[in-house]
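I have placed the structure first, in the form of structure tokens, so that the comments after it can refer back to it.
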Amino acid sequence: MRSISLNASELADLASEIVRRGGTLRFSPKGSSMAPAIVPGDRIVVGPPSSIRVGDLVMLRGRRPVVHRVIRFDEASGSITTKGDAILTCDPPAALDDVIGKITKVERSYFARLKWSLVRLVSRVAI
């Protein structure tokens with residue numbers, strides 16, 4: 001398997017093009033806003049954004065691409081509201097056109113999850 005490194009804009013453009021053509025993209029997200037559902041080191045698969053519903057994980061285009069959970073779907077305005085599982089506040093509403101794709105699979109990394117759990121444990125003990 002070949003690995004490449006992309007900046008945020010390149011990743012959003014590549015993902016958009018692959019998904020637009022009906023393909024899927026597999027990559028490791030960097031942030032921890034979706035922990036514990038997705039932790040750094042896990043891999044996700046992004047596919048076409050068909051039938052988006054509340055509870056789905058989506059990849060959105062913005063200042064930088066973000067993977068968050070849909071918590072509200074407003075059919076009247078054609079917008080969705082998303083939120084990272086580990087974040088207290090919601091993201092601003094986004095147009096459906098900003099959805100790059102829907103997360104179809106999370107491939108969990110045992111070692112990444114062990115590291116994430118240990119970091120959380122140590123941070124709780126240190127407080």
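Structure above, values below:
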| item | result |
| --- | --- |
| Every residue from the stretch 86-111 that is more than 28 Å from GLU17 (Cβ to Cβ) and touching a residue at least 24 places away in the same chain (Cβ under 8 Å) | ALA86, ILE87, PHE111 |
| Options ASP85, ASP97; residue that is under 30 Å from LEU121 (Cβ atoms), outside any strand (DSSP E or B) and of a type in the set (Asp, Glu) | ASP85 |
| Neighbours by Cβ (under 9 Å, 6+ apart or cross-chain): first from the stretch 12-26, in contact (Cβ under 8 Å) with a residue 60 or more places away in the chain; second in a helix (DSSP H, G or I) | THR24/ILE18; LEU25/LEU11; LEU25/LEU14; LEU25/ALA15; LEU25/ILE18; LEU25/VAL19 |
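Let's see how each residue does on (1) part of a strand (DSSP E or B); (2) farther than 25 Å from ARG120 by Cα; (3) modelled with pLDDT of 95 or more:
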site	(1), (2), (3)
SER50	no, yes, no
VAL54	no, yes, yes
VAL67	yes, no, yes
ARG72	yes, yes, yes
ILE80	yes, yes, yes
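The values are calculated or read from the model by the stated rules, or taken from the named source; none is laboratory data. These numbers were taken from a predicted model, which means no experiment stands behind them. All Cβ positions, glycine included, derive from the backbone under ideal geometry; neighbour counts span all protein chains shown.
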